[in-house]
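Below is one structure, written out as structure tokens, with a few remarks after it.
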Amino acid sequence: MTPVRSRDYHPFVPIDPELLRTVMRHWPTGVTILASFYDADRHGMTVNSFSSVALDPPLVLASIEQGVRTRALIEQSGVFTLSFLRAGQEWISNRFAGRETEHGNRFEGLETFTAATGAPILADNIGWLDCNVVAAHVAGDHTIYIGEVAAAGPGTAGWVLGDDGAGPASAAGALRPLLYFNRDYREMA
């Protein structure tokens, strides 16, 4: 099969990492805190390279830079959690993203809880997942972790019980995710 090419086809040119960063800044993403633990050490980091993979079994993936502390904890424990941030939590995202806090206690002063795996989950969130690693794939300078979801919740920030009392329903305007686009935080209107 011959590939279809447009008139504007340009031959392959190696991509400079800075060009890729610039282009990827134009893909809006949600902001989540990925965390893990091993023994008494717990750590987390801001990630936006996260996606749902499958519903049966329930699988998600996250891409983690190889040299960071959180990745080492995932390798040792085989577990990770994701806490989805809401609008107004930019300061949490910044704390967990900063290189200057890589060796500190990023959870200091923040309320957390645990579910199935024992990894920390931020108490103030709009959704969370607790995962066991089922596969890891090294890809360039990152590792892609596939996690099977062992426990999940719709979050603690902005949820109210539905009219039928059977499950959560969002309060009007309360569930606004923290979004990231072109090097800045955004909110849904």
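The values are calculated or read from the model by the stated rules, or taken from the named source; none is laboratory data. Note that the structure is predicted; figures quoted are calculated from it, not measured. Methodologically, a virtual Cβ is constructed for each residue, glycine included, from the backbone with ideal geometry; neighbour enumeration extends over all protein chains shown.
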For region 53-77, how many residues meet the condition of being surrounded by fewer than 17 Cβ atoms within 10 Å (Cβ to Cβ), at pLDDT 95 or above and not aliphatic (A, V, I, L, M)? 5
Can you tell me which residues in region 63-72 are farther than 10 Å from Met45 by Cβ and either touching a Ser or Thr at 6+ places or on another chain (Cβ under 8 Å) or part of a helix (DSSP H, G or I) (or both)? Ser63, Gln66, Ala72
What do you reckon, is Val47 buried (at least 16 other Cβ atoms within 10 Å of the Cβ), closer than 13 Å to Tyr145 by Cα, modelled with pLDDT under 95 and among the hydrophobic types (A, V, I, L, M, F, W, C)? yes
Count, please, the residues in region 111-125 that happen to be under 19 Å from Gln89 (Cβ atoms) and touching a Pro at 6+ places or on another chain (Cβ under 9 Å). 2
